[in-house]
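Worksheet for the structure shown next.
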Amino acid sequence: MAREDLEKARIRLYQKADRKTILLMLSVAMLVLFLFIAFLNYIGSVNISFRADQRNLDRFLNWLVIAILAFIGPYGFYLAKKQREIKQIERRLPDFLRDVAEAGRFGMTLAEAIVVSSSGRYGKLTPEIKKMAAQISWGVPATEALRLFSQRVKTPMVERVVAIISKSSDAGGDVADVLTMVSHDTKESQLTSDERRIAMSTYIAVIYISFLVFLVTIWILNVTFLPKMLEASGALTQSQTVVSSPLATNLPEVVYNIKIAFFIATIVHGLGDGILAGVLDNGKIPNGLRHSFIMLVIALFGFQVI
């Protein structure tokens, strides 16, 4: 095998496989499976219920929620885990840039400074730095190793930093001064992001509280108002008056439809509030799927009790 092919094979060996596509396909498969079970419950072919007194529509809605949970749960928590790992990598990026800049001030090239700095400890960033150092030791240019690093991490901050360093290295300027400025700018950007996240956490808490208040309101209506309506319907049914009341005959079905409307409203409420929480957290809709998952789980178990 030629040296170039050997280097490419080693680089591919060190790159992480992206599991996002596989996980998304599994989530879609579970979504289709549980939707099929929900449809069978709706038409009455099967009877898989959580309580003995559930109708076909009740079972359909319960399995519909389970299908949504199966789709957004694994994918949402995977994205949250990935985002948390990326944040941990970005947290130590300014320290690495500062160390590379200090090594560059002693007359080292960018490639030599990265290899020397790879012996330090940078938390979650350490494996990525060691990969860059290994690629450079195999003969890969420093700018190419940095580009591969940005492809593995895939965040706007890392891509911006790598682009600045690559342009500075190609232009032949003083890379040490550029690295120092980039390190300072990255640290300031992280502090601003932390301040924003702390401010937005209050609004996320308000979203959860409003969702719980919505559930409590439904529970209060279910234990106070709706039973009184049924009692009034029963009293009208048992009365010996000549005039029959349409309210007495149709009210039980009306109460059931009200409960179904409450459940559907809670599903929409949980999905929408979770997505909004993700947007407030970091400005991305997919990162709100885990919040939607938590709210829908609360709603599903809450309505079994209600």
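Laboratory data are not the source of any read-out in this text; all were calculated from the coordinates shown. Computed from a predicted model, the values in this text were never measured in an experiment. All Cβ positions, even for glycine, are placed from backbone atoms using ideal geometry, and neighbour counts span all protein chains on display.
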Practice prompt. Give the shape of the range 69-227 as rounded, prolate or oblate, defined through the alpha-carbon gyration tensor: a ≥ b ≥ c are the square roots of its eigenvalues, a/c under 1.5 means rounded, and otherwise the shape is prolate if a/b is larger than b/c and oblate if not.
Written response: prolate
Worksheet item: Size of the dipole of the chain about the Cα centre, Lys and Arg at +1 and Asp and Glu at -1 on the beta carbon, nothing else charged, in debye to 20?
Response: 580
Worksheet item: Using a Förster distance of 41 Å, how high is the FRET efficiency between Lys187 and Lys259, based on the Cβ-Cβ distance and rounded to 0.05?
Response: 0.15
Worksheet item: Lys/Arg Cβ at +1, Asp/Glu Cβ at -1, dipole of the range 3-192 taken about the Cα centre: which of Phe71, Leu93, Met157 is farthest positive-ward?
Response: Phe71
Worksheet item: Given Cα pairs under 8 Å that are at least 6 residues apart, what percent is the relative contact order of the chain?
Response: 18
Fill in: Per principal axis, descending, Cα span of the range 126-196 in whole Å
41, 28, 16
Response to the item:
Rounded to whole Å, √(5λ) for the Cα gyration tensor eigenvalues of the chain, largest first, gives 60, 22, 11
Item to complete: Mind telling me which of Ala67, Ala145, Ala52 comes out most flexible in a GNM of the chain, alpha-carbon contacts under 10 Å?
Response: Ala52
Fill in: Unsatisfied cross-links (Cα-Cα over 18 Å) in the set Lys20/Lys82; Lys81/Lys131; Lys81/Lys187; Lys228/Lys259; Lys87/Lys187
Lys81/Lys131; Lys81/Lys187
